[in-house]
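Participant: Once you've had a glance at the structure underneath, I'll fire off some questions.
What follows is calculated from the coordinates using simple rules that are stated; it is not laboratory data. It should be emphasised that the depicted structure is a prediction, and the values quoted were computed from it without experimental measurement. Here the Cβ positions follow ideal geometry from the backbone for every residue, glycine too, while neighbour counts run over all protein chains shown.
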Amino acid sequence: MMQDRPRYKILVVLGIVFVVAAGFFLYTKYGYQNQDNNTMAVYNEKYQGAQAFQNSGDYSGALDAFNALLKSVPDKASEGKVKIFIAANLFARNQGDDQAKSIAMYKEVWNDPLVPAYVRAKVLTDLAGVVIRSKDESFYTSHFNEPPFSDFLPASGTSSSKMSIVYLKILELSDETFPNSYAEYLIAGNYYAPLSANDIPVGTATPEQVAKIMQDYVKKADILAPTDESTYKPEIIVQRYLYRSIALNGSNRILKNISLAEREDALKLALSKGAPYENGNDYATKAVIMDVRFFYAQFLNRNIGKERYSDIVTLLKPFGGAVSGSDPSFKATRARFMDLVTRSDTDFKKVNALALAQISPEFKDFLTSLGLKP
């Protein structure tokens, strides 16, 4: 019996050691994991809060929030994404040297080899947007005077056509850096569409060749779109499908190989992607949805006519909310259509807008509020 006591003590000690070791293992595995999960939950909450500032047009608030968030990024991918948001908000705010700082930060992310390729590709789609919005050759040569960007500027052509070529090259580089549906839909819808309509010289390519390239890009993007949709904010998701529909309609004008129903389905898809955000506080996405409504109404009027007038009225009814100019959620929409005032009377967009004003009373009031006389 006395001989069993040492053995008993040993078993007790071993049991205590096992319990302590097991507790330590469980704490290190799950305790630290819970801490990490809690940290990421806080980070994601702050990230969404910063995005909310941006979506509502409060760029200074967004900059404060994203700069604070930059101090706690968990990895290089997150660092790159936050810096992209900082750059985007600087460019949108445009106070003092904001835009120069914006482009410098975009380049900082692009030139950082430790930032994952898919994040660096997003830098390029943003920079392509900067280029196409300004269409200012002197702005480009001032801010993009080093390779690879300096290599993209053609030696000849009008300033507008040269900037369109630069736009294409930057988008192609984005897709080469990391294949992404956004760049591919943009190439198809925002560059090749006007190209196939002979708005921009096509060089040695025929309109048929260009239209086929448009459709090939759409097919490539259609494969990628379901896999990378979760990486985009709602504004980009809706934009992708708007550009997809523009590309399908633009290429069909040349090739005549896409049915009317299929082209309308493309617009329905774009509208459905935006539906969850139309009445919220995401003003940037709301502006894109209004673009979709305009393009959809234009499509129905040009391709079908009176038979679909009631649908056109329904599509354009939300423009009635943008008439007063006091609703901040319509600020971007008013800015997008304001250039109609200075466009020539034969301009494609202006002609179609004035035609729609004869069908929709809300859209007519909206154009009148901008200074047009429908």
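Participant: Using helices alone, I'd like the mean residue ellipticity at 222 nm for the chain: each DSSP H run of four-plus residues gives -39500 (n - 2.57), total over residue count, nearest 500.
Facilitator: -22500 deg cm²/dmol
Participant: Pull out the extension gain between ASN303 and LYS349, defined as 0.36 nm times the separation in residues minus the alpha carbon to alpha carbon distance; nm, one decimal.
Facilitator: 15.0 nm
Participant: Could you work out the Rg to Rh ratio of segment 181-277, with Rh taken as the Kirkwood radius (inverse of the mean 1/r over all Cα pairs)?
Facilitator: 0.99
Participant: Starting from the Cα of SER324, step 7 Å along the direction of its Cβ; do the same at ALA77; then give the gap between the two resulting points in nm.
Facilitator: About 4.5 nm, to one decimal.
Participant: With labels modelled as points extended 7 Å from the Cα through the Cβ direction, what inter-label distance (nm, one decimal) is found for MET40 paired with ASP112?
Facilitator: Going from the MET40 label point to the ASP112 one covers 2.0 nm.
Participant: Consider the candidate values [x] 1.16; [y] 1.27; [z] 1.01; state which one is Cα Rg over 2.2 N^0.38 Å computed from the structure displayed.
Facilitator: The value computed from this structure is option [y].
Participant: Taking the chain as a Gaussian network, where each spring joins two C-alpha atoms under 10 Å apart, which residue of SER310, SER102, SER160 fluctuates the most?
Facilitator: SER310
Participant: Using a ≥ b ≥ c from the Cα gyration tensor of segment 286-374 (square roots of the eigenvalues), is it rounded, prolate or oblate, where a/c under 1.5 gives rounded and otherwise the larger of a/b and b/c decides, a/b for prolate?
Facilitator: It is oblate, given that a/c is not under 1.5 and a/b is not larger than b/c.
Participant: Ok, one more. Can you tell me the FRET efficiency between SER230 and ALA68 if r is taken as the Cβ-Cβ distance and R0 is 25 Å, rounded to the nearest 0.05?
Facilitator: Using R0 = 25 Å, I get an efficiency of 0.50.
Participant: ILE223 to ASP265: FRET efficiency via 1/(1 + (r/R0)^6), r the Cβ-Cβ distance, R0 25 Å, to the nearest 0.05?
Facilitator: 0.90
Participant: Once you have a ≥ b ≥ c as the square roots of the Cα gyration tensor eigenvalues for segment 235-312, tell me rounded if a/c is under 1.5, and otherwise prolate or oblate according to whether a/b is larger than b/c.
Facilitator: oblate
Participant: Would you mind calculating the relative contact order of the chain from Cα pairs under 8 angstrom and at least 6 residues apart, reporting the percent as a whole number?
Facilitator: Across the chain, relative contact order equals 10 percent.
Participant: For LYS373 and PHE178, FRET efficiency with R0 = 51 Å and r from the beta-carbon atoms, rounded to 0.05?
Facilitator: According to the calculation, E is roughly 0.60.
Participant: Whole Å is fine, so just give me how far the alpha carbon centre of segment 309-360 lies from that of segment 208-267.
Facilitator: The two parts, judged by their Cα centres, are 24 Å apart.
Participant: Quick check: from the Cα gyration tensor, does segment 59-178 come out rounded (a/c under 1.5), prolate or oblate?
Facilitator: It comes out oblate by the Cα gyration axes.
Participant: Any idea what angle helix 234-255 forms with the longest principal axis of the chain, computed on alpha-carbon atoms, 0 to 90 degrees, nearest 10?
Facilitator: The helix 234-255 is inclined about 40 degrees to the chain.
Participant: While we're looking at this one, here's another question. Pull out the extension gain between GLN48 and SER150, defined as 0.36 nm times the separation in residues minus the alpha carbon to alpha carbon distance; nm, one decimal.
Facilitator: Extra length from GLN48 to SER150 when fully extended: 33.2 nm.
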